[in-house]
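The values are calculated or read from the model by the stated rules, or taken from the named source; none is laboratory data. This is a predicted model, so every value here is computed, not measured. Using ideal geometry, Cβ is built from the backbone for each residue, glycine included, and neighbour counts are taken over all protein chains shown.
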Amino acid sequence: MIGVQDFCGHYAWTFEYIRRTFGEAALQRYWSEAIAFDSQSHAWERIRDKGLEGMEEYWGHTLTREEAGYTITRTGDVFRIDMHRCPSLGFLLDSRLQPYADYCSHCMGWIGPVAERAGFTVDHVHNHRSQCWWELRKKGALPRENEAREKAGSGCVELAPDWKRGEHHRYCDGRRVEETEDSGPLPGRTAAGPAQQ
């Protein structure tokens, strides 16, 4: 059995090998099929069967075991993770190993499809410096704007002094959107929730 640090390196090298050999579409398929519903089938089953509670069980256990720097916040409609120090990307950066340049996107590559199939949608931002945040909510839920972010308080990674460093990738309702100058609300949101059509 390989150790977690070796696993992180092999994971990143595998991503780059698939991308270079078979193309970006094949890598996306690897994440959305092999990782989402095979490698992470235990996460899929918990989220499918228990919703927000299953998310808390899965990530609470997993991130604690990985010794991640994180906070979890739950409201009635939203499950939020603020990742202050991703252990796998942190290890890769500390070790100067970065064979696949967009390593952070693999999380959205598997979590997005799991959430979608379980009836949830995802808002997410990562900065490629081992920091990110996630908000998952039931499709159609209209939580109050920034409720989970405000409830996270000082645990909100967006308040970290180094949050704005790095290249930010943003996802709204599970889809990649262009990053704006600030780190304010995601596009299409109003103070009451998603913009009405």
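Observations, loosely collected:
- Residues in the range 114-140 that are part of a helix (DSSP H, G or I), crowded, with 21+ Cβ neighbours inside 10 Å and out of contact with any strand residue (DSSP E or B) (no Cβ under 6 Å at 6 or more places or on another chain): 114 only.
- Pairs are defined by a Cβ separation below 7 Å, a sequence spacing of at least 6 or placement on different chains, a first member in the range 123-138 that is closer than 12 Å to residue 158 by Cβ and in contact (Cβ under 8 Å) with a residue 12 or more places away in the chain, and a second member that is assigned to a loop (DSSP other than H, G, I, E, B) and aromatic (Phe, Trp, Tyr); the pairs so defined are 127/163; 131/163.
- Residue in the range 78-91 that is at pLDDT 95 or above, of a type in the set (Lys, Arg) and within 10 Å of residue 148 (Cβ to Cβ) present: yes
- Among residues of the range 23-39 that are among the hydrophobic types (A, V, I, L, M, F, W, C), those with a Cβ under 9 angstrom from a residue that is surrounded by 13 or more Cβ atoms within 10 Å (Cβ to Cβ) and not in a helix (DSSP H, G or I), sequence gap 6+ or separate chain, pair up as 27/100.
- Number of residues in the range 82-113 that are part of a helix (DSSP H, G or I), touching a helix residue (DSSP H, G or I) at 6+ places or on another chain (Cβ under 7 Å) and either of a type in the set (A, V, I, L, M) or without any contact (Cβ under 8 Å) to a residue 40 or more places away in the chain (or both) equals 1.
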